[in-house]
Amino acid sequence: MRAVVQRVSRARVTVDGETTGAVEQGLLVYAAAAPDDTADDVRYISEKVAHLRIFPDARSKMNLSVIDVDGAILVVSAFTVQADARRGRRPSFDSSAPGEVAEPLVAQLVSAIGAFGLRVETGRFAEHMLVESVNDGPICILLDSRRLI
């Protein structure tokens, strides 16, 4: 599983003009599953998202997590996070899980993050979404459950 995590001062996702999720201070997480992801991959990403120390403390050092700042998380399923653009000019999405595999894994990710006591908002799986965000920093972190070393 991969996730792109952005520290935001606000973020919102809409589908057909309807807001499906919105947060103020917190994280915007674009998540994508691979075909062979398991609960271990979900657990790794959820723990990283909840505990990443990317918020400033009183001395402006990135020492606080989204939990520490009482922030919220907006999770948006984005199969393109699994894209491979190393060859050619058109990205390959072969390493992205099909919907019937990805949807339950992303739902598990949302639940696992929520289990840390965080408010989690979402987009709508497999829909065309419009995502608005104000990246605070800018801070963007790539997480990959397969790149452990």
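Read-outs throughout are calculated quantities, based only on the coordinates presented, and are distinct from any laboratory measurement. All figures in this text were calculated on a predicted structure; none of them were measured in a lab. Reconstructed Cβ throughout: ideal geometry from the backbone, glycine too, with neighbour counts over all protein chains shown.
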> If packing is taken as the mean number of other Cβ atoms within 10 Å per residue, what is the order of 86-92, 96-102, highest first?
Replying inline: 96-102, 86-92
> Which whole-number percentage describes the relative contact order of the chain, with Cα contacts under 8 Å and a sequence gap of 6 or more?
Replying inline: 39 percent
> Once both axes come from the Cα atoms, what is the angle between helix 39-51 and the longest principal axis of the chain, in degrees from 0 to 90, rounded to 10?
Replying inline: 30 degrees
>> On C-alpha positions alone, give me the angle between the axis of helix 99-114 and the longest principal axis of the chain, in degrees, nearest 10.
In response: 10 degrees
>> In region 1-19, whose amide N lies under 20 Å from the spot 7 Å out along Cα-to-Cβ of N135? List them in ranges.
In response: 2-14
> Considering only DSSP beta bridges with both partners in the chain, what is the antiparallel share in %, to the nearest 5?
Replying inline: 70 percent
> Which value in Å is the Kirkwood Rh of region 11-83 over different Cα pairs?
Replying inline: 13.8 Å
>> If you split all Cα-Cα distances of region 2-144 into 5 Å bins from zero, what percentages do you get per bin, shortest first?
In response: 2, 10, 20, 23, 20, 14, 7, 3, 1, 0
>> Report the gain in length on full extension from L142 to N63: 0.36 nm times residue separation, minus Cα-Cα distance, nm rounded to one decimal.
In response: 26.6 nm
